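Engineer: If you scroll down you'll find the structure; I have some questions about it.
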Amino acid sequence: MSRLSRSVLLAFAAAVVAGTCLHFVYDLFPCPVTALFAPVSESIWEHSKLIYWPSLVAGLLLERRNPGLLGQRAASLLLAVGVMLALGWLYHIPLGGEALLVDIALYVLSMGIAFFLPGFLPGDIWSRQKELLLLLVATLGAVILVFTFLPPAGLLFTDLSGANTWSSYPY
């Protein structure tokens, strides 16, 4: 299998578009169901949904079409969400960043990790740890759902829209 197959490129593009659309779903249709999948605030944590859900769905579809990378896909999804949270926190909190273009670049980078890294990870170790990695992905999904309605205290969960951030700008 090619590391950058056409199906992976198409899935990546579709997931980026889907995640971008998810950003606006809760504002258009505010209800508990849309809150599960779309950010309900401008917190860094809520934006993990933009990576998690589209990558999860696309990864499962890719796995059905080209099986054998499930462990690598799970590890890459976990890493992608972690990178997005870490870099988003670093950029917005300590550095006080406000540029929407940087946020978009971080989002695309994180999606790239989720989609392109699995083809470059050696299969043996990831295949042996597949069940653990899938459990961690499922746990992350459960935590995302719980924290939607019961977010803990902390800057990672704080709505940054009122804190002089990029989201307060009209573009």
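The values are calculated or read from the model by the stated rules, or taken from the named source; none is laboratory data. No experiment lies behind these values; they were computed from the predicted model shown. Cβ atoms come from the backbone with ideal geometry, glycine included; neighbour counts cover every protein chain shown. Areas reflect the complete protein model, heavy atoms only, side chains present, ligands, DNA and RNA absent. Shrake-Rupley method; radii C 1.70, N 1.55, O 1.52, S 1.80 Å.
Engineer: Filter the range 43-75 down to the residues that are of a type in the set (D, E, K, R) and open to solvent by less than 40 Å² (accessible area, probe 1.4 Å), then identify the one that is farthest from residue 160 (Cα to Cα).
Structural biologist: 63
Engineer: Among the residues of the range 52-62, are any touching a helix residue (DSSP H, G or I) at 6+ places or on another chain (Cβ under 8 Å) and farther than 19 Å from residue 10 by Cβ?
Structural biologist: Checking the range 52-62: at least one residue is touching a helix residue (DSSP H, G or I) at 6+ places or on another chain (Cβ under 8 Å) and farther than 19 Å from residue 10 by Cβ.
Engineer: Taking helices (runs of 4 or more DSSP H) that fall entirely within the range 65-171, which contain at least 3 residues that are touching a residue at least 40 places away in the same chain (Cβ under 8 Å) and aliphatic (A, V, I, L, M)?
Structural biologist: Those helices (runs of 4 or more DSSP H) span 70-92, 100-116, 130-149.
Engineer: Mind counting the residues in the range 63-74 that are closer than 13 Å to residue 10 by Cβ and among the small types (Gly, Ala, Ser)?
Structural biologist: 0
Engineer: Going through 55, 5 one at a time, which residue ends up being in contact (Cβ under 8 Å) with a residue 12 or more places away in the chain and closer than 16 Å to residue 85 by Cα?
Structural biologist: 55
Engineer: When residues of the range 76-105 are filtered for being surrounded by 22 or more Cβ atoms within 10 Å (Cβ to Cβ) and under 15 Å from the mean Cα position of the chain (by Cα), how many remain?
Structural biologist: 6
Engineer: Kindly provide the set of residues from the range 8-40 that are open to solvent by 20 Å² or more (accessible area, probe 1.4 Å) and either in contact with a helix residue (DSSP H, G or I) (Cβ under 7 Å, 6 or more places away or on another chain) or among the basic types (Lys, Arg) (or both), ordered by number.
Structural biologist: Those that are open to solvent by 20 Å² or more (accessible area, probe 1.4 Å) and either in contact with a helix residue (DSSP H, G or I) (Cβ under 7 Å, 6 or more places away or on another chain) or among the basic types (Lys, Arg) (or both): 12, 14, 16, 18, 22, 23, 25, 26, 34, 36, 37, 40.
Engineer: When you look at residue 74, is it touching a Leu at 6+ places or on another chain (Cβ under 6 Å) and closer than 28 Å to residue 32 by Cβ, yes or no?
Structural biologist: Considered against the rule, which asks whether it is touching a Leu at 6+ places or on another chain (Cβ under 6 Å) and closer than 28 Å to residue 32 by Cβ, residue 74 comes out as yes.
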